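Here's the structure, in structure tokens; my notes come after.
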Amino acid sequence: MDSSPAHSRSPYGGVIARYGDRMDIRSESGIVTLLEGDTPLLPAPRLADHVAPGSRLFLKYEGLNPTGSFKDRGMTAAVTDALARGAKSIVCASTGNTAASAAAYAARAGIRCAVVLPEGKVAHGKLAGAIAYGADVIPIRGSFDDALAGVREVCERAPITLVNSLNPARIEGQKTAAFEVVETLGDSPDWLALPVGNAGNITSYWRGFREAAASGDCARTPALLGVQAAGSAPIVLGQPVERPETCATAIRIGNPVRWKDAEAALRESRGRILAVTDEAIMAAYRLVAATEGVFCEPASAASIAGLAEAVRQGMVQPEGRTIVCVLTGHGLKDPDVAMRGSVSEPESLEAAAERLTRLAEAR
Ligand code: AN7
């Protein structure tokens with residue numbers, strides 16, 4: 001890490017360089033950044049025809065952050081703040097993306113990082129990242145919720161900083177995504193749809209939009225559309241889920257730590273929360289890649305599946321509306337899901353040539 005002017009005044013600079021004056025964090029030991037943020041807000045007209053006809057639909061492609069997920073925005077803030085408080089090590093429980101992000105920012109800061117993960121339930125791209133960045137990777141038999149309970153307990157006793165979204169700096173960094181949406185659109189959208197796991201992200205977006213409105217950057221705030229997977233939908237059901245299950249392992253969370261904040265965000269934004277099946281998530285996952293060339297992980301596609309369902313139920317009237325779906329993580333995070341059942345047997349070169357000819361002549 002180097003916070004000297006020559007180093008930190010890169011053309012972009014990351015979310016603290018850009019929005020640090022609006023963040024309640026400490027940074028006197030220097031800014032730990034991988035130049036996260038500034039992600040594309042992609043228009044998605046072909047996808048809109050399928051899921052929200054007549055709308056102006058955009059994808060906030062957070063998978064293009066340095067470690068491949070939205071977590072980097074909060075992690076630059078959490079690790080910068082931890083460093084200023086003298087931390088020598090950080091820890092998180094994670095379904096995968098927080099782990100990869102924490103590991104990368106700890107490496108950047110030159111401090112230690114441990115990640116506690118539900119064994120067998122972390123997508124390989126995330127695990128690969130945490131290993132490559134040099135974290136101490138600790139799989140446990142149990143769920144994410146079990147892992148978090150264990151980690152919280154240790155952090156009360158030992159001098160190690162918790163960087164899960166209980167950490168207030170995480171929310172401060174994460175809210176910058178809302179600032180970017182407002183800057184790009186010139187106002188808030190009508191709706192912003194996003195997957196909900198631990199509910200740190202929905203909490204952060206709502207804080208960001210509220211602050212942007214308070215400072216006059218936008219004339220209004222959006223309604224938030226939270227989306228959970230049917231097999232792990234505690235907020236939709238109104239009670240914790242003991243054994244959450246979903247193919248979207250990122251949001252396989254039964255007892256979100258930011259539950260109360262999520263409910264406040266939904267209430268205050270006049271938003272809605274709903275659950276979608278794994279089948280609907282996988283259909284949306286394939287649809288966004290095939291119609292727009294945007295590859296996201298299954299949990300991220302829940303935002304699109306949720307929007308489609310909300311339109312079907314009449315919860316969202318798409319005509320003439322500006323809608324943003326947040327794509328929280330890159331598709332390459334979960335290569336196994338992407339490959340499942342889709343690689344064909346090898347063919348002869350002649351057969352391949354025939355297929356190509358048919359493809360070329362197809363109308
Ligand atoms: C791709 O990494 O909880 O509602 O430990 O990885 O803020 O929890 C990940 C969550 C959505 C849900 N999309 O966000 C973790 C973890 C993706 C995610 C969520 C996660 P929150």
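Residues checked against (1) β-branched (Val, Ile, Thr); (2) surrounded by fewer than 18 Cβ atoms within 10 Å (Cβ to Cβ); (3) away from the ligand (no atom under 14 Å from the Cβ):
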{"site": "SER89", "(1), (2), (3)": "no, yes, yes"}
{"site": "ALA99", "(1), (2), (3)": "no, no, no"}
{"site": "ALA103", "(1), (2), (3)": "no, no, no"}
{"site": "ILE111", "(1), (2), (3)": "yes, no, yes"}
{"site": "VAL116", "(1), (2), (3)": "yes, no, no"}
{"site": "GLY125", "(1), (2), (3)": "no, no, no"}
{"site": "GLY129", "(1), (2), (3)": "no, no, no"}
* To do: Taking the residues in region 295-336 that are among the polar types (S, T, N, Q) and in a helix (DSSP H, G or I) as candidates, determine which candidate is nearest to ASN65 (Cα to Cα).
  => SER300
* Inspect region 180-193 for any residue being within 14 Å of the ligand (Cβ to nearest atom), closer than 26 Å to TYR285 by Cα and part of a strand (DSSP E or B) and give the result as yes or no. => yes
* Give me a count of the residues in region 288-310 that are within 14 Å of ALA52 (Cα to Cα) and crowded, with 19+ Cβ neighbours inside 10 Å. => 9
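Scan region 255-270 for residues that are surrounded by 21 or more Cβ atoms within 10 Å (Cβ to Cβ), part of a loop (DSSP other than H, G, I, E, B) and of a type outside the set (Ser, Thr, Tyr) and jot them down.
Within region 255-270, PRO256, ARG258 meet the criteria.
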* Structure fact -> Reported set for region 211-242 where residues are in contact (Cβ under 8 Å) with a residue 40 or more places away in the chain and in contact with a strand residue (DSSP E or B) (Cβ under 9 Å, 6 or more places away or on another chain) is PRO222, ALA223, LEU224, LEU225, GLY226, VAL227, GLN228, ALA229, ALA230, GLY231, ALA233
* Structure fact -> Only one of (1) in contact with a strand residue (DSSP E or B) (Cβ under 6 Å, 6 or more places away or on another chain); (2) within 16 Å of the ligand (Cβ to nearest atom) does not apply to GLU263, and that is (1)
* Asked: Can you tell me which residues in region 205-218 are out of contact with any Ser or Thr (no Cβ under 8 Å at 6 or more places or on another chain) and either on the phi < 0 side of the Ramachandran plot or within 16 Å of the ligand (Cβ to nearest atom) (or both)?
  -> TYR205, ARG207, GLU211, ALA214, SER215, ASP217
* Asked: Out of (1) within 14 Å of the ligand (Cβ to nearest atom); (2) surrounded by 24 or more Cβ atoms within 10 Å (Cβ to Cβ); (3) over 13 Å from the mean Cα position of the chain (by Cα), the odd one out for SER69 is which?
  -> (3)
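Looking at THR221, is it crowded, with 22+ Cβ neighbours inside 10 Å, closer than 20 Å to PHE58 by Cβ, modelled with pLDDT of 95 or more and not basic (Lys, Arg)?
Taking the combined requirement at face value, the residue satisfies it.
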* Asked: From ARG340, ARG363, ARG355, which residue is under 22 Å from HIS124 (Cβ atoms), more than 16 Å from the ligand (Cβ to nearest atom) and basic (Lys, Arg)?
  -> ARG340
* **Of residues in region 143-171 being within 14 Å of the ligand (Cβ to nearest atom), among the small types (Gly, Ala, Ser) and assigned to a loop (DSSP other than H, G, I, E, B), the one surrounded by the most Cβ atoms within 10 Å (Cβ to Cβ)** => SER165
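The values are calculated or read from the model by the stated rules, or taken from the named source; none is laboratory data. What you see is a predicted model; the values in this text were computed from it and never measured. Every residue, glycine among them, receives a Cβ derived from its backbone with ideal geometry; neighbour counts consider all protein chains shown.
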